[in-house]
Amino acid sequence: MNLRLFQIVLLLLRTKALIMNKNTLPQLFRVMASLWIAIAVFGCSTNALANEDSFPLDKAPNRMNNQAALQRGAQLFTNYCLNCHSAHSVRYNRLRDIGLTDEQIKENLLFTGEKVGDLMKVNMSPTESKAWFGKAPPDLSVEVRSRGADWIYTYLRTFYRDDSRPTGWNNLVYKNVGMPHVLWELQGDRAAKFEEVVAHGGASEHKFAGFEQLTPGTLKQHEYDDQVADLVAYMSWMSEPGQLERKRIGVIVLIFLAIFTIIAWRLNKSYWKSIH
């Protein structure tokens with residue numbers, strides 16, 4: 001990743017040098033194209049590195065611009081995730097950015113005497129959580145930036161019953177996970193079906209063959225997927241609350257740079273024309 005960033009810096013310097021020279025329009029366009037490709041690859045590198053598991057990931061719906069979805073996700077997060085996981089980098093009053101008032105935050109998201117200006121912490125101590133789950137649950141402030149939205153979306157939808165595990169649950173994305181399925185009441189109990197298939201070289205492989213619904217949840221599967229999508233959208237927003245504004249400003253900056261590049265090229269051409 002550092003090498004990719006270094007490449008972007010070199011391309012920026014080369015772009016500047018080409019703008020200052022004459023008769024370099026073709027080279028300038030080639031360098032600009034390489035620069036955009038390098039930036040795109042650099043931006044996708046986090047999600048690519050996060051997908052280290054063999055289980056295929058489903059694409060998480062993009063609901064970052066849907067305030068209603070973000071608000072529903074915030075409610076799911078405080079009701080189901082914030083009992084064990086903290087979000088130390090976010091204060092409750094930051095939820096104003098997704099359209100909630102202080103009064104709505106107090107009535108719907110604060111249950112144990114917290115104040116609107118408090119950080120999203122849990123009362124469970126790390127020692128207790130390690131004793132119960134094997135290790136302390138991670139802080140979720142930037143979990144989506146670490147693993148990727150697709151990873152979280154698939155992970156929350158692929159829990160299954162496994163009596164060999166201490167919690168009674170296992171997961172297809174994170175094998176032998178220590179976390180129980182906190183959303184099981186919504187999704188219901190499911191068992192995973194596996195089959196033995198012959199892989200390349202004649203070796204047998206334990207392959208996932210689908211789920212079997214043992215007991216129904218309070219939601220149908222598509223309704224559950226919809227709520228998980230809201231939760232993941234909120235966690236994506238929570239990982240960088242200023243990202244919507246950053247992206248808006250970024251588009252303006254890119255438009256400015258494109259216009260400036262054309263103006264600089266025309267000025268450069270006009271300057272050297274008078275010499276010849």
- Query: Just one of Gly73, Gly168 is out of contact with any helix residue (DSSP H, G or I) (no Cβ under 8 Å at 6 or more places or on another chain) and of a type in the set (Gly, Ala, Ser); which is it?
  - Reply: Gly168
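Do we find that Asn176 is under 23 Å from Ala209 (Cα atoms), part of a strand (DSSP E or B), polar (S, T, N, Q) and touching a strand residue (DSSP E or B) at 6+ places or on another chain (Cβ under 9 Å) in this structure?
No.
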- Is there a residue being of a type in the set (Val, Ile, Thr), touching a strand residue (DSSP E or B) at 6+ places or on another chain (Cβ under 6 Å) and on the phi < 0 side of the Ramachandran plot anywhere in region 199-221? yes
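Across region 143-202, what is the number of residues that are among the aromatic types (Phe, Trp, Tyr) and closer than 29 Å to Pro241 by Cα? Before the answer, list the steps.
Our first condition is that a residue be among the aromatic types (Phe, Trp, Tyr); within region 143-202, this holds for 151, 153, 155, 159-160, 169, 174, 184, 194.
Still in the running and closer than 29 Å to Pro241 by Cα: 151, 153, 155, 159, 174, 184.
Looking only at that region, the number is 6.
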- From the set of residues in region 79-109 that are among the β-branched types (Val, Ile, Thr), open to solvent by less than 10 Å² (accessible area, probe 1.4 Å) and out of contact with any strand residue (DSSP E or B) (no Cβ under 6 Å at 6 or more places or on another chain), which is nearest to Pro137 (Cα to Cα)? Ile105
- Item | All positions within region 126-185 that are open to solvent by 40 Å² or more (accessible area, probe 1.4 Å), under 19 Å from Val228 (Cα atoms) and of a type in the set (Ser, Thr, Tyr) | Ser146, Tyr174
- Just to be sure, is Thr127 out of contact with any strand residue (DSSP E or B) (no Cβ under 8 Å at 6 or more places or on another chain), part of a loop (DSSP other than H, G, I, E, B), over 15 Å from Met235 (Cβ atoms) and among the hydroxyl-bearing types (Ser, Thr, Tyr)? no
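Has region 193-209 got at least one residue that is within 23 Å of Ala60 (Cα to Cα) and buried (at least 17 other Cβ atoms within 10 Å of the Cβ)?
If we filter region 193-209 for residues that are within 23 Å of Ala60 (Cα to Cα), which is where we start, we get 208-209.
Subsequent filtering for residues that are buried (at least 17 other Cβ atoms within 10 Å of the Cβ) retains none.
For region 193-209, residues within 23 Å of Ala60 (Cα to Cα) and buried (at least 17 other Cβ atoms within 10 Å of the Cβ): absent.
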- Task: Report whether or not Asp226 is surrounded by 12 or more Cβ atoms within 10 Å (Cβ to Cβ), closer than 25 Å to Met64 by Cα, touching a helix residue (DSSP H, G or I) at 6+ places or on another chain (Cβ under 7 Å) and of a type outside the set (A, V, I, L, M, F, W, C).
- Result: no
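The values are calculated or read from the model by the stated rules, or taken from the named source; none is laboratory data. Every value quoted in this text rests on a predicted model; they were computed, and no experiment measured them. Note: ideal-geometry Cβ built from the backbone for every residue, glycine included; neighbour counts use all protein chains shown. Surface areas here come from the heavy atoms of the whole protein model, side chains and all, with no ligands, DNA or RNA. Shrake-Rupley method; radii C 1.70, N 1.55, O 1.52, S 1.80 Å.
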